[in-house]
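Q: Take this structure first; my questions come after.
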Amino acid sequence: MHLYTREVKVENTAVESIAVEKWECQNHGGNPTSNISKKYAIFVGRYQPYHQGHISLIMQKINQGIPALIMVRDIPADEKNPFTTEQTVEMIQKFHAAHDHDVKVMIIPDIESVNYGRGVGYEINEFAPPENIGFISATKIRQSIKDKNDDWRSLVDESIQPDVERYLLESDIAL
């Protein structure tokens, strides 16, 4: 698993104004353009579920004092994505709020590709998980839950494990 982060200066542009309404509805931080001098590390993913690998990568930036903007792709629930986008956002917010991390969570439309301009001041980073975390497969986590095997518990933070179980029990999606 690799997550890509981009430190960006958030500015009020026409393109960003599309996401502002969703941001204000979904996030504690309100309008992301209210502090245009603040730089964020951006993380984009499905987070099905949000696990220790995601947390480890995001914490690398938070521990450097860089706030994180976690963008959750708005995708329909299915066997590979058993959690609704709203449930995913709730789990991510719950974890980071409990630790008082400087994190904003935002729902974005599903994406076809990630494109960026060369030489425009963005730092593109690819992080490998630390050795003590290793590669974590969300597919294997979902399969472990389906098989009623508790191995998944070491891969998902205990603060959101009850939510993971509850959402899966409430779901009509067959894993």
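The values are calculated or read from the model by the stated rules, or taken from the named source; none is laboratory data. If you're wondering where the values come from, they're calculated on a predicted model, not measured in any experiment. We place every Cβ from the backbone using ideal geometry, glycine too, and count neighbours over all the protein chains shown.
Q: Please enumerate the residues belonging to the stretch 48-103 that are surrounded by fewer than 15 Cβ atoms within 10 Å (Cβ to Cβ), part of a helix (DSSP H, G or I) and over 13 Å from the mean Cα position of the chain (by Cα).
A: Matches in the stretch 48-103: 97, 98.
Q: Restricting attention to the stretch 123-149, and to residues there that are part of a loop (DSSP other than H, G, I, E, B) and crowded, with 16+ Cβ neighbours inside 10 Å, which single residue is modelled with the highest pLDDT?
A: 136
Q: Is there a residue being surrounded by 11 or more Cβ atoms within 10 Å (Cβ to Cβ), at pLDDT below 85 and assigned to a loop (DSSP other than H, G, I, E, B) anywhere in the stretch 150-171?
A: The answer is yes, given that some residue of the stretch 150-171 is surrounded by 11 or more Cβ atoms within 10 Å (Cβ to Cβ), at pLDDT below 85 and assigned to a loop (DSSP other than H, G, I, E, B).
Q: Of everything in the stretch 46-61 that's among the hydroxyl-bearing types (Ser, Thr, Tyr) and touching a helix residue (DSSP H, G or I) at 6+ places or on another chain (Cβ under 7 Å), which residue is nearest to residue 160 (Cα to Cα)?
A: Step one: list which residues in the stretch 46-61 are among the hydroxyl-bearing types (Ser, Thr, Tyr), which gives 47, 50, 56.
The next check asks that each one be touching a helix residue (DSSP H, G or I) at 6+ places or on another chain (Cβ under 7 Å); those that pass are 47, 50.
Numbers: 47: 13, 50: 9 Å.
Only one residue fits best here, namely 50.
Q: Quick check on the stretch 106-116. Is at least one of its residues aromatic (Phe, Trp, Tyr), outside any strand (DSSP E or B) and surrounded by 12 or more Cβ atoms within 10 Å (Cβ to Cβ)? Full working, then the answer.
A: So in the stretch 106-116, the residues aromatic (Phe, Trp, Tyr) come out as 116.
Going one step further and asking which of them are outside any strand (DSSP E or B), we end up with 116.
Subsequent filtering for residues that are surrounded by 12 or more Cβ atoms within 10 Å (Cβ to Cβ) retains none.
Among the residues of the stretch 106-116, not one is aromatic (Phe, Trp, Tyr), outside any strand (DSSP E or B) and surrounded by 12 or more Cβ atoms within 10 Å (Cβ to Cβ), which makes the answer no.
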